[in-house]
Amino acid sequence: RDILEYLIELQSYENQFLPNALRQFFAKLDAPEERNEYLSILIENFSKRFHACNQNLGLSIGMLLS
């Protein structure tokens, strides 16, 4: 899990349109075929990173997860 978080921290989503950033994210990390806890972890970590890169948008992490 620490490695996953580190890999996500290496990504920059600054000034990117959210759907495009998500596509870029899943182009680099394979999405699981089934909806399970791993997918939830991926989405949560992506949301945290997207938020960190785009704090000027005024979106909360909770809004990104909705």
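What's the total number of residues in region 50-59 that are buried (at least 17 other Cβ atoms within 10 Å of the Cβ) and in contact with a helix residue (DSSP H, G or I) (Cβ under 8 Å, 6 or more places away or on another chain)? Before you say what the answer is, go through the steps one by one.
Filtering region 50-59 for residues buried (at least 17 other Cβ atoms within 10 Å of the Cβ) gives 50-51, 54.
Those still in the list that are in contact with a helix residue (DSSP H, G or I) (Cβ under 8 Å, 6 or more places away or on another chain) too: 50-51.
The number of residues fulfilling the criteria is 2.
Is it true that residue 26 is assigned to a helix (DSSP H, G or I), aromatic (Phe, Trp, Tyr) and touching a residue at least 24 places away in the same chain (Cβ under 8 Å)?
Details: assigned to a helix (DSSP H, G or I): yes; aromatic (Phe, Trp, Tyr): yes; touching a residue at least 24 places away in the same chain (Cβ under 8 Å): no.
Criteria not met by residue 26.
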message: Can you tell me which condition residue 18 does not meet? The list is (1) without any contact (Cβ under 8 Å) to a residue 40 or more places away in the chain; (2) surrounded by 12 or more Cβ atoms within 10 Å (Cβ to Cβ); (3) among the aliphatic types (A, V, I, L, M), and all the others hold.
response: (1)
message: Exactly one of these conditions fails for residue 62: (1) surrounded by 10 or more Cβ atoms within 10 Å (Cβ to Cβ); (2) assigned to a helix (DSSP H, G or I); (3) over 9 Å from the mean Cα position of the chain (by Cα). Give me its number.
response: (1)
- request: Among the candidates 12, 47, single out the residue that is surrounded by 16 or more Cβ atoms within 10 Å (Cβ to Cβ) and among the small types (Gly, Ala, Ser).
  value: 47
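Where a number appears in this text, it was derived from the coordinates with a stated rule and is not lab data. The structure presented is a predicted model; accordingly, all values stated were derived computationally and were not measured. Positions of Cβ are generated from backbone atoms using ideal geometry, with glycine treated the same way; all protein chains shown enter the neighbour counts.
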